[in-house]
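K.L.:
Once you've had a glance at the structure underneath, I'll fire off some questions.
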Amino acid sequence: MVEKMTLLLLILIPLLPLLAFVVNIFFGKRVGTNAAYVSLAAISVSFVISLYLFFGMLAGGEKIVEYTFDWLNFGSSGVKLGIMLDGLTAVMLVVVTTVSLLVKLYSIGYMNGDPRYSRFYAYLSMFTVAMLGLVLANNFLLLFISWELVGLFSYLLIGFWYEKKSASDAGKKAFITTKVGDLGFFAGLLLLFTVFGTFNFKELGELVIANLASGSVTVGMLNLIGILIFCGAVGKSAQFPLHVWLPDAMEGPTPVSALIHAATMVAAGVYLVARTFFIYKCAPLAMAVVGYTGAFTAIFAASMALVAYDIKRVLAFSTVSQLGYMIMALGVGGYTAGMFHLTTHAFFKALLFLGAGSVIHGSGTQDIREMGGLGKKMKITMVTFLIACLSISGIPGFSGYYSKEEVLSAAFNSGNMVIYWVGTITAFMTAFYMFRLFFMTFTGTSRTEIHAHESPKTMTVPLIVLAVLSIVAGGLFVMGHSFEHLVYFGVEGAGEGGAEAGSHFVRNMSITVAVLGITLAFFMYYLKKISPEYLAEKLASIHKLLSNKYYIDELYEIIFIKPVKGLGNFLFKFDQKVVDGAVNGSGFMTVLMSKLQNLFDKVIVDGAVNGTGWIANKGGEILKQLQTGFIQNYILIAVSGLFVIVLLRIIFK
Amino acid sequence: MNSLYFYTILIVSLVLFLIGVYGVLTRRNAIGILMAIEIMFNSANINLVAFNKFLNLENSIGIIFPIFIITLAAAETAVGLALILSIYRKLKSVYVEKMDLLKW
């Protein structure tokens, strides 16, 4: 009975936003600006339910609710779909609904006066539905369907202002780039189904261990499946080499960047790896690929953030870097650490994006070189932004510190020192570029004539709520074992012991690098003791390389886009020269033959033909009346004929 | 009981088919006609699946065949839409009564 109740609530969570989507998309004109309230009401209820289930999960311990139904049946075999609730899902539900709720509230102010207001809310709602479906799925198939839906709505939202060419291009880029990863993901799924014959996570988890023990599946196979599935995560979570879409995706409205490209969708890749951890646990090579990809992406993206000037791009690179962090944590076996960082990151990164949105809204520019001294005019934004910066930098007391230290401890304890040091250096860079951003935006004197103003209440309230969450989400860790216990569920013995993980060395090291980074930024951008311009000149080649994002976009242009275009041009030329040549040649021959036949025709055939022609002409004159040119008339005659035949058949049985 | 159920499905399929025929005959918009054709396709699909179930075919051909039809219908719609697009570029209209180039 209790289970039925839970199940009902579970279904309600995605169903309500879906309803909001239907209302907003079909009755958008009639709903008008009330669209926001429709979406908000739906997500609020979902949020409350999620919280209720989450705390139930925290208190109640080990109960997994699962519901499966047949989707397609082919004779004896078939495909099942279903949803389930376990600890991991409960955490993700809370993260998704919280951020979604706050972003929708925030958008009331931010999107005010947009001509496609209700459509925006419809997309946001449907995105939330897809994301909730993704975390609720109890099998790979539903996860994949939601995964693609999420991708679609991300595309629609990035290109929301499609009148701008750069926005519609960015949407396409995001869609196509992630599709490259999804191709691998799909191949992995097919392989998985061929080998194990089921998509269900729980069954798979048992089958993997059983089959590995009985020898019916090899570690090599698991490695292959693991790496293929990881391709999907690489695309969605913007890991190297498919990271190129995320910075461009900042063309979308800022609330979208906060919801999709900071808190939820990009975390889906991390969630996927966490959900399929049972495979990686048995596949050391795939695990190593995950770890190194994450570590490389973390430091690679952080380095690009050091020199970016667009406030949203800095945050985008930071997101890529932090996602690399989570992936890295999973790759070294730090299952809890990765998920924990995902949770805290969702809050403070959403806060950073919404804060950036507030800055952009208030000042009308995205270039931090044109800002400065905004702190005086935008107090709430500044304070909340500062909290987020402290959190992401890993200052003790803020949530980011706990999760980041967890990640680094996991790396340290795994014994993989390369990954650990990469993570530590990244932490230093993170602290530096976040405070570079903060000082350039909020302190000093205004560098250009900007009449900044504080944003309306609907925008500042979400900022404050997220700021509070950015501080207290770390408290989840103080509940310590319960979080670990929560997300472990269903993945027996999935990771290292989290509690004794934080050795003094790691803890001191991570605080030191954070403080160092902040201090350096303070000297360079607040006291201006060290001139950034001088440094940029000194290290001109590195600065240029970083500013141009390692020329990855250009590289892809040369490797992939140019050849395809070249092939197209070649085929076009081939068409023109060879195919057209052949056609023209045969045409010429035909003309020659025709001339000969013409003589023959004129003398002998024409006489006979003219007679026939005259008859045909007269007949045509009469019959042409039938040719009305309206296709529907013809079809009508055909259908009438059909009915006559059917009637005759019935009568003369 | 079973056959009554079966006939109900057949009637649903027939009605769908007739809706499709009606749509094809009366729609002025070429895209509407394309949609109507889709409806007719799907009524045929329902028939196939229903007969498969009623006749208890062992090899499930009646279920697998509609999947091919759906795939083909998708391709066909893509071609149809492309045609309509190029017609629209030429005639600045998708109303079928404008498309009378084959008239005498």
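The values are calculated or read from the model by the stated rules, or taken from the named source; none is laboratory data. Fair warning: this is a prediction, and the values are worked out from it, not measured in the lab. Virtual Cβ from ideal backbone geometry, glycine too; neighbours counted across all protein chains shown. For the accessible areas, the whole protein counts, side chains as well, though only heavy atoms, and no ligand, DNA or RNA atoms are used. Shrake-Rupley method; radii C 1.70, N 1.55, O 1.52, S 1.80 Å.
K.L.:
Round to the nearest 10 and give me the degree value, 0 to 90, for the angle of helix B:61-91's Cα axis relative to the longest principal axis of chain B.
P.N.:
Taking Cα atoms only, the helix is inclined about 10 degrees.
K.L.:
Follow-up question, since we're still on this one. Could you tell me which chymotrypsin sites (Phe, Trp or Tyr not before Pro) in the stretch A:277-326 are loop residues by DSSP with no more than 15 other beta carbons within 10 angstrom of their beta carbon?
P.N.:
A:Y309
K.L.:
Any idea what angle helix A:35-60 forms with the longest principal axis of chain A, computed on alpha-carbon atoms, 0 to 90 degrees, nearest 10?
P.N.:
50
K.L.:
Hey, another quick one. For the stretch A:292-413, which whole percent of the accessible surface, found with a 1.4 angstrom probe, sits on carbon and sulfur atoms?
P.N.:
63
K.L.:
Which value, in debye to the nearest 20, describes the size of the charge dipole of chain A about its Cα centre when Lys and Arg Cβ atoms bear +1, Asp and Glu Cβ atoms bear -1, and nothing else is charged?
P.N.:
Result for chain A is approximately 1360 debye, rounded to the nearest 20.
K.L.:
When all protein chains stay in place, what accessible area (Å², nearest 10, 1.4 Å probe) is found for A:C231?
P.N.:
Roll a 1.4 Å probe over it and A:C231 shows about 50 Å².
K.L.:
Largest first, what is the accessible-area ranking of A:I11, A:I43, B:I11 with a 1.4 Å probe?
P.N.:
If we order A:I11, A:I43, B:I11 from most to least accessible, we get B:I11, A:I11, A:I43.
K.L.:
Just how much of B:K53 is accessible, in Å², when a 1.4 Å probe is used and the result is rounded to the nearest 10?
P.N.:
Accessible area of B:K53: about 150 Å².
K.L.:
Give the ranking of A:V45, A:V195 by solvent-accessible surface, highest area first, calculated with a 1.4 Å probe.
P.N.:
Result of the area sort, largest leading: A:V45, A:V195.
K.L.:
Next question. Can you give me the solvent accessible area of B:R27 with a 1.4 Å probe, rounded to the nearest 10 Å²?
P.N.:
Result for B:R27: roughly 120 Å² accessible.
K.L.:
Can I ask one more? Just the projected area, averaged over all directions, of the convex hull on the alpha carbon atoms of the stretch A:157-263: how many nm²?
P.N.:
Result: a mean projected hull area of 7.6 nm².
K.L.:
Compute the relative contact order of chain A as a whole-number percentage, counting only Cα pairs closer than 8 Å that sit 6 or more residues apart in sequence.
P.N.:
12
K.L.:
Do the sum for chain A: with -39,500 (n - 2.57) for every DSSP H run of n ≥ 4, divided by all residues, what is the mean residue ellipticity at 222 nm, to the nearest 500 deg cm²/dmol?
P.N.:
Here the helix-only value at 222 nm equals -24000 deg cm²/dmol.
K.L.:
Same structure again: Enter the accessible area per residue of the stretch A:337-481 (Å², integer; probe 1.4 Å; all protein chains in place).
P.N.:
For the stretch A:337-481, the solvent-accessible area averages 31 Å² per residue.
K.L.:
Still on this model: What residues have an amide H closer than 5 Å to that of A:N139, excluding those fewer than 5 places away on the same chain, when H is modeled at 1.01 Å from N in the peptide plane?
P.N.:
Those qualifying (amide H under 5 Å, at least 5 residues apart or on another chain) are A:G82, A:F201.
K.L.:
Which value, in Å², gives the accessible area per residue of chain B when a 1.4 Å probe is used on the protein heavy atoms?
P.N.:
So chain B comes to 69 Å² accessible per residue, rounded to a whole number.
K.L.:
I would also like to ask the following. Could you compute the longest span of chain A free of GluC sites (Glu not before Pro) located in DSSP loops and having at most 14 other Cβ atoms within 10 Å, not counting the site residues?
P.N.:
No qualifying site falls inside A:164-448, the longest such stretch.
K.L.:
Am I reading the B/A interface right? What is its buried accessible area, both sides, 1.4 Å probe, to the nearest 100 Å²?
P.N.:
So the total buried area for this chain pair works out to about 1200 Å².
K.L.:
May I ask for the Kirkwood hydrodynamic radius of the stretch A:263-380, worked out over all distinct Cα pairs and given in angstroms to one decimal?
P.N.:
Taking the inverse mean of 1/r over all distinct Cα pairs, the stretch A:263-380 comes out at 15.4 Å.
K.L.:
May I ask you to give the percent of accessible area on the stretch A:45-117 that is carbon plus sulfur, with a probe radius of 1.4 Å?
P.N.:
On the stretch A:45-117, the fraction of accessible area on carbon and sulfur atoms equals 62 percent.
K.L.:
Work out, in µm²/s and without decimals, the Stokes-Einstein translational diffusion coefficient of the protein assembly as shown at 37 °C, 0.692 mPa s, Rh from Kirkwood over C-alpha pairs.
P.N.:
111
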